[in-house]
Amino acid sequence: MPEGFDDILLVGTVFVAVTLAAFWLAMVIWAYRDMRSRSRDPLAQLLVAIIVSLLSVPGLFIYIMLRPRATLSETYERALEEEALLQEIEERPTCPGCGQRVQHDWQACPNCHHRLKKACVNCDYLLELPWNICPHCTTSQVNYTSDGTIATRSRHVKPAEPSPIDAKWVASQQVERH
Ligand SMILES: [Zn+2]
Ligand SMILES: [Zn+2]
């Protein structure tokens, strides 16, 4: 046996042992961090770290097979996406005439020809039918009722009724006259 071979063997063994120990520690830390990104339960996080530290490489494989599929941030993002999709469906308007889906910028329903919106007479900004002033340029508008027909002034103006106080006063005047 050559001189110093034992020393080389010792150094080699220590090197391998340290590398393995570092690898084992990295595995435990990785599994703990990975579980922390997938579960808020501190007990589950600790359990994963213990299992991987006891079983080392096989423990890591078992963890990877059994871990929750989505991380917390992925779950959160998916929930946000679903919410946005749901909101889009709720906000999409339908035709009051036939119930078909219509777009925000349509003036009439292509299915039943129901009047949906009107364009401002001055600036072409799209207005709701009952609006009689353009919020964009403040021009007065032709009025449409909600059923799509043009509303005439006479239909809106009711004959003035005397208020209860006025009626009492008129009655008292008539009593005095008699
Ligand atoms: Zn329609
Ligand atoms: Zn306008």
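Annotations
Listed here are the residues, each with its yes/no results for (1) more than 16 Å from ligand 2 (Cβ to nearest atom); (2) under 30 Å from R33 (Cα atoms); (3) part of a loop (DSSP other than H, G, I, E, B).
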{"position": "A70", "(1), (2), (3)": "yes, yes, yes"}
{"position": "E82", "(1), (2), (3)": "yes, yes, no"}
{"position": "L85", "(1), (2), (3)": "yes, no, no"}
{"position": "Q103", "(1), (2), (3)": "yes, no, yes"}
{"position": "H113", "(1), (2), (3)": "yes, no, yes"}
{"position": "C123", "(1), (2), (3)": "no, no, yes"}
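- Scope the stretch 57-68; condition surrounded by 10 or more Cβ atoms within 10 Å (Cβ to Cβ) and assigned to a helix (DSSP H, G or I); matching residues: V57, P58, G59, L60, F61, I62, Y63, I64
- A79 in contact with a Leu (Cβ under 7 Å, 6 or more places away or on another chain) and free of Cβ contacts under 8 Å to residues at least 24 places away in the same chain: no
- Residue pairs whose Cβ atoms lie under 7 Å apart, separated by 6 or more positions or on different chains, with the first residue in the stretch 114-143 and over 21 Å from Q103 (Cα atoms) and modelled with pLDDT under 90 and the second more than 8 Å from ligand 2 (Cβ to nearest atom) and of a type in the set (G, A, S), are N132/S140; N143/A151.
- Some residue of the stretch 90-101 being within 21 Å of L127 (Cα to Cα), more than 16 Å from ligand 2 (Cβ to nearest atom), in a helix (DSSP H, G or I) and not hydroxyl-bearing (S, T, Y): yes
- Single match in R92, R36, R40, R78 (criterion: surrounded by 13 or more Cβ atoms within 10 Å (Cβ to Cβ) and either of a type in the set (D, E, K, R) or closer than 30 Å to R115 by Cα (or both)): R36
- Tally, over the stretch 1-49, of residues that are part of a helix (DSSP H, G or I) and either among the hydroxyl-bearing types (S, T, Y) or more than 39 Å from the chain's Cα centre (by Cα) (or both): 23
The values are calculated or read from the model by the stated rules, or taken from the named source; none is laboratory data. Keep in mind it's a predicted model, so treat the numbers as computed, not measured. Note: ideal-geometry Cβ built from the backbone for every residue, glycine included; neighbour counts use all protein chains shown.
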